[in-house]
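Only one structure is covered here, and it is reproduced in the block below.
Nothing in this text is a laboratory measurement; each read-out follows from the coordinates by a stated rule. As the structure is a computational prediction, the values presented were derived from the model and not from experiment. When we count neighbours, we look across all protein chains shown, and the Cβ atoms used for this are built from the backbone with ideal geometry, even at glycine.
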Amino acid sequence: MTILAIHNGPTTGGGFRLAPGAVPDDGQLEACLVEGVGIAGRFPRLLAALRGTLHRWPRSHFLRFHRLRLSCQQPLDVHLDGNPFRCDPPGIEVSVLPRALSVLAPR
């Protein structure tokens, strides 16, 4: 199983800290990619995500960006903000629109 999560804040549903370095108002997004996790590796990585220590695990990668292009060669079922979405070829682009939305966020 491979997981790619893109965030503009440090936590996601349920308190998972997949992007502990993400800052909501810095004009950047943070991607967390966890590659090739087998059944035995899922629970330990789940705990690491809750603790904010996923970056210590092998095959876990983090990237800060303004714009990211995700390519696919065949339709891919994904979730966008918790909602099912089908990504069709050639893929999708994720980008930041700085200061496009006024949001109250804790410091």
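How far apart, in nanometres, would the label points at residue 2 and residue 96 be if each is projected 7 angstrom from Cα along the Cα-to-Cβ direction?
2.5
Report the net charge of residues surrounding residue 38, where surrounding means a beta-carbon distance below 14 angstrom and charges are Lys +1, Arg +1, Asp -1, Glu -1.
Combined, the nearby Lys, Arg, Asp and Glu give +2.
Taking the Cβ-Cβ separation of residue 67 and residue 47 as r and a Förster radius of 30 Å, what is the calculated FRET efficiency to the nearest 0.05?
E(calc), rounded to 0.05, equals 0.40.
Along each principal axis of its Cα atoms, how long is the chain end to end? Whole angstroms, biggest number first, please.
Answer, in whole Å and largest first: 42, 36, 22 Å.
Under a 10 Å cutoff between Cα atoms, tell me which one of 40, 19, 31 has the largest fluctuation in the Gaussian network model of the chain.
Comparing 40, 19, 31 in a Gaussian network model of the chain, the most mobile one is 40.
Give the peptides 83-95, 3-15, 59-71 in descending order of average Cβ contacts within 10 Å, highest first.
3-15, 59-71, 83-95
Efficiency by 1/(1 + (r/R0)^6): what FRET value for residue 77 and residue 25, r their Cβ-Cβ distance, R0 = 30 Å, to the nearest 0.05?
0.45
Explain nothing, just the number: dipole magnitude of the stretch 3-107 about its Cα centre with +1 on each Lys and Arg Cβ and -1 on each Asp and Glu Cβ, in debye rounded to the nearest 20.
It comes to approximately 380 debye.
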